[in-house]
Amino acid sequence: MSTINEQVIRWSEIRLPHPSRSGELVPWKVDGPFALRSYYRVEGTGETIALDLSPRHEDGTIDTCLHCGTKGLKQRVEAPWFTLALWIVGALALAPFTFGLSILVALYPVWFLWNDSPRVQKCPGCGAEFVDFRHGPRP
């Protein structure tokens, strides 16, 4: 078994289901997948939420829910959709006047916004969300 490289630091967030309020998620900012604790206390209550940290991979990624153990996390992107659409529509509107160069110019900001958007892995079982547990180190 290989050891976990704890030098990989990434800002991440976990959103775990509230123990007593159905459908509510409690968010915590974490310094990365290696800064996770085995339990979290819910502010204002004496309740705790337990995590099983054993499913983490060597690079910090996960494919199993750390809260309930469900496999097959669903992934989505939390992109700034309005800003992306504005760039694309603006580039398309200017394309006839710039002979298509506005589309090329708009590709970089659109690529940058998309690539820098957080990736959210959601558990279909309990609804827990793990934000930015990406593959490999993130600069």
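The numbers here are math on the coordinates, done by the rules we state, and not lab data. Since the model is a prediction, treat every value here as computed from it, not as a measurement. Virtual Cβ from ideal backbone geometry, glycine too; neighbours counted across all protein chains shown.
General remarks:
- Degrees between helix 81-98 axis and first principal axis of the chain (Cα, 0 to 90, nearest 10): 10 degrees
- Mean residue ellipticity, 222 nm, helices only, the chain: the sum of -39500 (n - 2.57) across DSSP H runs of n ≥ 4, divided by residue count and rounded to 500, is -8000 deg cm²/dmol.
- Put simply, the amide H of Val30, placed in the peptide plane, has neighbours under 5 Å in Ser12, Glu13, Ile14, leaving out anything fewer than 5 places away on its chain.
- Packing order of peptides 62-71, 93-102, 122-131, highest average first: 122-131, 62-71, 93-102 (average count of other Cβ atoms within 10 Å over each peptide's residues).
- Using equal-weight Cα scatterers in the Debye expression, the normalised intensity of segment 1-136 in log10 at q = 0.09, 0.17, 0.22 Å⁻¹ is -0.38, -0.90, -1.27.
- Formal net charge of residues neighbouring Gly127 (Cβ-Cβ distance under 14 Å; K, R +1; D, E -1): +3
- On Cα atoms only, tilt of 101-116 relative to the major axis of the chain in degrees: 10 degrees
- Net lengthening on full extension, Tyr108/Leu25 (0.36 nm per residue, minus Cα-Cα): 26.4 nm
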